[in-house]
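Note sheet for the following structure.
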Amino acid sequence: MSAILAQADYPALMSAPTLFHYLVVSAFMFGLGLVGFLTRRNLIIMFLCTELMFQAAGLALVAFSRFHLNHTGETFVIFVLTVAAAEAAMALALVVLLFRRKETLDAERWEEMRG
């Protein structure tokens, strides 16, 4: 009985992650992706930072969906991931094509595009 009473004042704040915790992680991931996208000039790193921002938005959608106990956010994330996978295939193919043309992945070298 004394063991149960000893745990009666166990702090409940950190016992389970709340919506706030997931949103903070999501905002941190999105901010990290945004800073990486704006500061890096390598096309592959910029692409990966864009994917990190997609994943942060997906995490926020799933957190809100779980908080409101419905599955619409989770369903929307499935569609977002499908579009992101198609975008990843196209972006990587484009990066390979650009690298073969100028043998660099520096975004500043590709500022002038001819049509």
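All of the numbers you see were taken from the coordinates with simple rules; none came from a lab. Quantities reported herein were computed from a predicted structural model and do not represent experimental measurements. Cβ placement follows ideal geometry from the backbone for every residue including glycine, while neighbour counts extend to all protein chains displayed.
Non-local amide H neighbours of Asn42 (under 5 Å, H modeled in plane, Pro and chain starts lacking H): which ones?
Ala107
Once you place label points 7 Å from the Cα toward the Cβ at Val35 and Leu98, how far apart are they in nm?
It works out to 2.3 nm between the two label points.
Would you please state which residues of the range 20-56 a label at Glu111 would reach in this model, taking the label point 7 Å out along Cα→Cβ and a backbone N cut-off of under 17 Å?
Under 17 Å, as judged by backbone N against the label point of Glu111, lie 38-43 of the range 20-56.
Can you order the peptides 27-34, 95-102 by their average number of other Cβ atoms within 10 Å per residue, highest first?
Ranking the peptides 27-34, 95-102 by packing returns 27-34, 95-102.
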